[in-house]
1. Among the residues of segment 56-71, is any among the β-branched types (Val, Ile, Thr), open to solvent by less than 60 Å² (accessible area, probe 1.4 Å), in contact with a strand residue (DSSP E or B) (Cβ under 7 Å, 6 or more places away or on another chain) and closer than 24 Å to GLN162 by Cβ?
2. Filter segment 156-187 for residues that are out of contact with any helix residue (DSSP H, G or I) (no Cβ under 9 Å at 6 or more places or on another chain) and surrounded by fewer than 16 Cβ atoms within 10 Å (Cβ to Cβ); which is nearest to ASN136 (Cα to Cα)?
3. Check off (1) open to solvent by less than 30 Å² (accessible area, probe 1.4 Å); (2) within 21 Å of GLY189 (Cβ to Cβ) for SER133 and give me the number that stays unchecked.
4. Let me confirm something: among VAL294, VAL319, which residue is among the β-branched types (Val, Ile, Thr) and open to solvent by 30 Å² or more (accessible area, probe 1.4 Å)?
5. When the residues of segment 213-249 are narrowed to those that are aliphatic (A, V, I, L, M), farther than 14 Å from THR196 by Cα and open to solvent by 10 Å² or more (accessible area, probe 1.4 Å), which ends up modelled with the lowest pLDDT?
6. Would you please name the residue that is farthest from THR330 (Cα to Cα), looking only at residues in segment 241-281 that are under 18 Å from the mean Cα position of the chain (by Cα) and aromatic (Phe, Trp, Tyr)?
7. Could you figure out which of (1) assigned to a helix (DSSP H, G or I); (2) touching a strand residue (DSSP E or B) at 6+ places or on another chain (Cβ under 6 Å) isn't true of SER172?
8. Which pairs turn up if I take residues in segment 158-181 that are charged (D, E, K, R) and look for partners that are not in a helix (DSSP H, G or I) with beta carbon separation below 6 Å, at least 6 apart in sequence or on another chain?
Amino acid sequence: MRMFLLLLPLVLLLSAVETQGISVVDLSALREIKNSLTDITSSSPNAFFTSWDFTAPDPCSSFAGITCSLFIPKRVTTLTLGTGLSDSPGLAGTLSPAISNLSDLTQLVLFTGIVTGPIPDQIGTLKKLSVISLTNNRLTGSIPTSIFTLPNLHTLDLSHNQLTGTIPGSISELSSLKVVVLGSNKISGEIPILPTGLLHLDLSNNELSGMLPRKIRMPLTLRYLSVSGNRLWGPLSILESLSELVYLDLSMNRFSGTIPSSLFRSTLSSMYLQRNNLTGRVPQPPLSSPAATVYGPGSTVDLSHNSLTGELTNTLAGVETLFLNNNRFTGTVPKDYVESVYSGNTRTLYLQHNYIAEFPVKEGLPLPDSVALCLSYNCMVPPVPVGFMACPASAGGQISRPVNQCSAFNTSMA
């Protein structure tokens, strides 16, 4: 009888495994995870935890947001917290350290909600994790350094939270890391050396300072780079070697100097450099391969609110959405831009608040209805009637610059 009593816990444990299929360790972890979180609107028919009935015969098939391995005892391999539906406000509460007991976990996802508190440091023990996505919540504290020891981590998305501190330097050691999205937090300090195989980096809207990493420390594989809305400064020459970029956003920083000619290419179809301290001219298209700067549908270039000078070249003609306003461009706009506007290839062209002297319109040919063209506050009377231009409110109500501004500027430029 005594022996039976000693073996009873083991019998019950094996019984639980047999009846529910799922590992008892994982089931216990799921229970703790649920206890630390709650549906913001638990009465809603779309409430996430409605299906989490711990008396169910097979949680792996009935619990929303989990998938399990095939073999018994089944282990949880992916955990998605929240429905992700547009009409669902998501979850509240905190992330339980018990997540770390799901030792076979490969993907951890938390959808939009109001989950608070720190990211459990214990997540760094989940060596099979390849995806961590904890976005659009109110997580606080610093990014656990343990995350950057995960050997299989491919995607890290902690965007739109309230995280502070710096980006751990150990991020450079993760050779498997391809996607890093830390935008819209309160992360400070400098950008560390990055993993050599990184493809996508979004650090926008933080409190980062300093210069971009030097050429030898920037991953040549980068295709998407956004650091907008920080306090970064320095020249852009370190970007010359990033030939794989298709999306670049450095807007609203303190970058200075000229724009490297290598960034003016059609394969870099989205480039946002507005609101910096950039100077110099837009370069001529390369004679060796002029087709390299033939932009197509969907292309966007924003160089507005800088101190760029000189006459425009043909380089950006054909860009679908082009913002060149609030600079110091002079002279006559090349005919290629005009033809691109009238053909409808360029749908938005903002040139307001420059020192441009001529925009050679095609007489008698109306602008396409789909085109937004703004030429106000330049050194000319706009050849297109004001009523036919689509200027933003920020352009102001003045049609042309005062003559004395134009003459004084042209004299100083000479």
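The values are calculated or read from the model by the stated rules, or taken from the named source; none is laboratory data. Because the structure is a prediction, the values reported are computed rather than measured. Note: ideal-geometry Cβ built from the backbone for every residue, glycine included; neighbour counts use all protein chains shown. What goes into the accessible areas is simple: the full protein's heavy atoms, side chains included, and nothing from ligands, DNA or RNA. Shrake-Rupley method; radii C 1.70, N 1.55, O 1.52, S 1.80 Å.
1. no
2. The residue in question is GLN162.
3. (2)
4. Within the list VAL294, VAL319, the selection yields VAL294.
5. Top of the filtered list is ILE238.
6. TYR247
7. For SER172, the failing item is (2).
8. LYS178/HIS154; LYS178/LEU199
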